[in-house]
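Written below as structure tokens is the structure these notes are about.
The values are calculated or read from the model by the stated rules, or taken from the named source; none is laboratory data. Just so you know, these numbers come straight off a predicted model, no measurement behind them. We place every Cβ from the backbone using ideal geometry, glycine too, and count neighbours over all the protein chains shown. Quick note on the areas: whole protein, heavy atoms, side chains included, nothing else; ligands and nucleic acids left out. Shrake-Rupley method; radii C 1.70, N 1.55, O 1.52, S 1.80 Å.
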Amino acid sequence: MKPTHLALAAALTMGVAFTGRALWQTAHPPAPAAAYSALFEAHCLSRLATVQSGGADPHADLPKNAQHITRLDAAGLQAIQKRDSCQVKDATRLMTKAQRDAAVANIVALLAAKLPDLSETDDPLPWDLHRAFVSTPTAEQPQKWGVILTRNKPDSGDALQMTVTQLALPRP
């Protein structure tokens, strides 16, 4: 068999495999609440761990208003990296009320397990959801950092209905 035939067969096989995977993911999207917390942990908490351990933050050199978007299309979620923050939201497919409540419960449980030193602040805003978990400044880390969960209007049917979890990173 000629190398060109092998290359063509390999390309066709890969094309069929990727198409099949995409169709399967579209037909069987992950549970939005579980995918939401998994995306936050994978993209935001892993970045926080890198920053806290003294490693190089891969997004620290982004321009001030620039962002790097990673989508989890099957569940309609986005992870957005900015220079000083990481954000997860249900941007392309809004979650139902039950899914939103489960996603928030998952995030709160994840924060309690992974970041038990963060303390929840009072909710001064009259939004559907506004919960803030902030650090206590120490000699080693004098700047505050934390996680904010927000949703402005629960039944607006537009972008204000998105559930947003944002990690504000500590900076020197």
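Summary table
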read-out	value
Any pair with Cβ under 9 angstrom, 6 or more apart, that starts in the stretch 23-42 at a residue that is aromatic (F, W, Y) and open to solvent by 60 Å² or more (accessible area, probe 1.4 Å) and ends at one that is at pLDDT below 65 and in a helix (DSSP H, G or I)	none
Residue within the stretch 127-140 that is more than 23 Å from I69 (Cα to Cα), more than 18 Å from the chain's Cα centre (by Cα) and part of a helix (DSSP H, G or I) present	no
The one condition in (1) open to solvent by 40 Å² or more (accessible area, probe 1.4 Å); (2) outside any strand (DSSP E or B); (3) over 26 Å from Q143 (Cβ atoms); (4) not acidic (D, E) that R71 fails to fulfil	(2)
Which listed residue, of K114, K89, K64, is in contact (Cβ under 8 Å) with a residue 60 or more places away in the chain and open to solvent by 70 Å² or more (accessible area, probe 1.4 Å)	K114
Test result for D57, outside any strand (DSSP E or B) and open to solvent by 40 Å² or more (accessible area, probe 1.4 Å)	no
Residues of the stretch 74-103 satisfying the condition of being under 15 Å from L62 (Cα atoms) and aliphatic (A, V, I, L, M)	I80
Within the stretch 92-111, considering residues that are assigned to a loop (DSSP other than H, G, I, E, B) and hydrophobic (A, V, I, L, M, F, W, C), the one surrounded by the fewest Cβ atoms within 10 Å (Cβ to Cβ)	L94
Subset tally (residues that are surrounded by 12 or more Cβ atoms within 10 Å (Cβ to Cβ), of a type outside the set (A, V, I, L, M) and closer than 26 Å to M162 by Cβ) for the stretch 117-144	8
